[in-house]
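FYI, it's all coordinate maths here, none of it is from the lab. The structure displayed is predicted, hence computed values, not measured ones. Here the Cβ positions follow ideal geometry from the backbone for every residue, glycine too, while neighbour counts run over all protein chains shown.
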Ligand SMILES: [Fe+2]
C-alpha cells in the first residue's frame, strides 16, 4: 500500500521550481539608490509602455558598490535554492555574472513573454501599490500545447499552464532563467518598482 491509502503513485518528474522569500530588510536600503538610477538622464523609457528601466543603458546596477552587500545576501538565497534542487552551487556560482536592472511600471505598462540569458533570474519588489500587475509564469514544457485535455479541476496544479504571482513589497523571487514569464498590464495609477536580478 502506498501513501494516501492508494495502490498507485503519481509523481511530477519535470518541475519548474520558483523560490520565494521575504527580503524586506533590503527595501529601505536600496530604494534611494534605485530611485536615483531611475531618475538619471540616461534612463531607458522605450522598453515598456509608460515605464522606466535601467535595462539596456550600459548601467549594470550589480557593478555599483552600493549593491555589493545585497549581492552577498542574494547569493545565500541562491545557494539554498540550488542546494535544495540537487545541483552543485559551488560550480554553478563560479559562472555567476550578476546583472541587475531597476524597473518602474506605470499605468498601462506591461512586458511580454520572455526569458533571461543567465543561470538564475528573479526580482526583489521595492514598491508595490495595491492591485499592481502580477508576474505570470508560463509552462516551459511546450509539447503540452499539443495536448489540450479539457480541465475538470482548475485548482489542480497539474492543469496549470500559467501561474500568476501577486507581488508584495519586500518579496524576493528566484527562478531558473529558462522559465518564461511576462508582466500583465499594470492598471493602477501608482508606480510599481522592482529590482530585476540575474546571476
Ligand atoms: Fe523578466
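Provide a single number: the residues in the range 156-168 that are loosely packed, with under 10 Cβ neighbours inside 10 Å and within 26 Å of residue 187 (Cα to Cα).
Looking only at the range 156-168, we keep the residues that are loosely packed, with under 10 Cβ neighbours inside 10 Å, and these are 156-158.
Then keep just the ones that are within 26 Å of residue 187 (Cα to Cα); that gives none.
Selection size over the range 156-168: 0.
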field: Tally, over the range 142-194, of residues that are more than 20 Å from residue 17 (Cα to Cα) and within 15 Å of the ligand (Cβ to nearest atom)
entry: 5
query: Can you tell which of 31, 103 is under 23 Å from residue 166 (Cβ atoms), away from the ligand (no atom under 16 Å from the Cβ) and under 20 Å from the mean Cα position of the chain (by Cα)?
result: 31
Counted residues, the range 111-137 - those being within 12 Å of the ligand (Cβ to nearest atom) and over 12 Å from the mean Cα position of the chain (by Cα): 5
message: Looking for something within 16 Å of residue 34 (Cβ to Cβ) and within 14 Å of the chain's Cα centre (by Cα) - is there at least one such residue anywhere in the range 68-77?
response: yes
